Amino acid sequence: MMTLKMVVERYRELAGPWGRPVSLAEFGLSAAETERVFGGLDEDYQISRHLHFSKRDGQTYRISGEEVTHVAIDEGISNLL
């Protein structure tokens, strides 16, 4: 299971600048693991306020009851690592 630090590091590799949407499929996890990892992060208020999910073209995942395809992460999440 990916930790918050691993998620953020992978996000930075994929996104470049903070706040840029990245397809959840690009994290290289199975659909079930993607939903479990990002759903767990979204349940924690201190973390979730830095995660911005959106629905665009691509593989859809159900995170906290919502269908989403991408995530953008704010730089402020660095303070939680």
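The phi-based Karplus calculation (6.51 cos²θ - 1.76 cosθ + 1.60; θ = phi - 60°) puts the 3J(HN,Hα) values of region 74-81 at 7, 4, x, 5, 4, 5, 9, 7 Hz, whole numbers, x for Gly and Pro. All other residues whose Cβ lies under 12 angstrom from that of GLY58 are scored, Lys and Arg at +1 and Asp and Glu at -1, for a net of -1. Within region 36-73, name every residue whose backbone N is under 12 Å away from a label modeled 7 Å from Cα of ALA25 along the Cβ vector. Those under the cut-off are 56-61, 69-70.
The phi-based Karplus calculation (6.51 cos²θ - 1.76 cosθ + 1.60; θ = phi - 60°) puts the 3J(HN,Hα) values of region 59-65 at 4, 9, 10, 9, 10, 6, x Hz, whole numbers, x for Gly and Pro.
Net length available on complete extension from ALA72 to MET1 is 23.6 nm, with 0.36 nm assigned per residue and the Cα-Cα distance removed. Given the choices (i) 14, 22, 11, 10, 10, 16, 16, 1; (ii) 20, 61, 19, 0; (iii) 14, 15, 14, 13, 11, 10, 8, 7, 5, 2, 1, P(r) over Cα pairs in 10 Å bins from 0, in percent derived from the coordinates of this structure is entry (ii).
Since every read-out is calculated from the coordinates, none of them should be taken as a lab result. Source: prediction; values computed, not measured. Here the Cβ is made from the backbone with ideal geometry for all residues, glycine too, and neighbour counts use every protein chain on show.
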